[in-house]
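The values are calculated or read from the model by the stated rules, or taken from the named source; none is laboratory data. As the structure is a computational prediction, the values presented were derived from the model and not from experiment. Quick reminder, even Gly has a Cβ in these numbers, built from the backbone with ideal geometry, and neighbours come from all protein chains shown.
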Amino acid sequence: MQKKHSWSAVAMVLVAGLITAITTTGNTWAEQAKYVGSNVCADCHEEEYKSYSSYAKKAHSFEAIEKMKRHLTSQEVKNCYGCHTTGYGMPGGFVDEKTTPDLKNVGCEVCHGPGSIHVETEDAEDILGTVDKIKGVCNKCHTSERVEAFSFRPLLHGGAH
């Protein structure tokens, strides 16, 4: 009998694969960059951050985990982190609310990659900044299975830009 995999476990594998693909395609920044949190992005990208914070549901994605937590095992809660936090399972990514509170929601770096080097250099080459560079990133969590299960209706850029 074949064992079924949960959608969250599949999502974690896809996230890890995406980051591996990014870090092995010549983007040396991605190999060294660390997550800084969306608040740091707001320093230079004030309008985008304001729009994201006001309109994007993902800016408050950890609330969904909080609502469901009592119905889930601790492992199931951790499985949610891959799609409801920033960088979970990656070096410098979300660990838990106490350790990495600035990464507890889906932030800028989920789409644009870890931002520490970009923050230092302010160079657009040190971040995934354009739609053509981030193409397919959304699909790591917004799979057809999840779309159907949660009646997800995609919005262009989720209100961020």
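Summed over region 59-73, the residues that are outside any loop (DSSP other than H, G, I, E, B) and in contact with a helix residue (DSSP H, G or I) (Cβ under 7 Å, 6 or more places away or on another chain) give a count of 5. Scanning region 104-115 for residues that are within 11 Å of Val40 (Cα to Cα) and in contact with an Asp or Glu (Cβ under 9 Å, 6 or more places away or on another chain) yields Cys108, Gly115.
Table: residues versus (1) assigned to a helix (DSSP H, G or I); (2) more than 12 Å from Phe62 (Cα to Cα); (3) not hydroxyl-bearing (Ser, Thr, Tyr).
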position	(1), (2), (3)
Gln75	yes, yes, yes
Lys78	yes, no, yes
Cys83	yes, no, yes
Gly89	no, yes, yes
Gly93	no, yes, yes
Glu97	no, no, yes
Asp102	yes, no, yes
Ile117	yes, yes, yes
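Of all residues in region 46-75, those that are within 18 Å of Phe94 (Cβ to Cβ) and charged (D, E, K, R) have Cβ atoms under 6 Å from Cβ atoms of residues that are outside any helix (DSSP H, G or I) and at pLDDT 90 or above, 6 or more apart or on another chain, in Lys58/Val106. Go through the residues of region 49-60 one by one and say whether even a single one is surrounded by 13 or more Cβ atoms within 10 Å (Cβ to Cβ), touching an Asp or Glu at 6+ places or on another chain (Cβ under 8 Å) and of a type in the set (Gly, Ala, Ser). Looking for residues that are surrounded by 13 or more Cβ atoms within 10 Å (Cβ to Cβ), touching an Asp or Glu at 6+ places or on another chain (Cβ under 8 Å) and of a type in the set (Gly, Ala, Ser), one finds none in region 49-60, hence no.
Taken over region 102-130, the criterion of being among the acidic types (Asp, Glu) and in contact (Cβ under 8 Å) with a residue 12 or more places away in the chain is satisfied by Asp102, Glu109, Glu122, Glu125, Asp126. For region 67-120, taking the residues that are among the acidic types (Asp, Glu) and surrounded by fewer than 16 Cβ atoms within 10 Å (Cβ to Cβ), the one that is nearest to Glu48 (Cα to Cα) is identified as Asp102.
Among residues of region 121-133 being among the hydrophobic types (A, V, I, L, M, F, W, C) and crowded, with 17+ Cβ neighbours inside 10 Å, the one that is modelled with the lowest pLDDT is Leu128.
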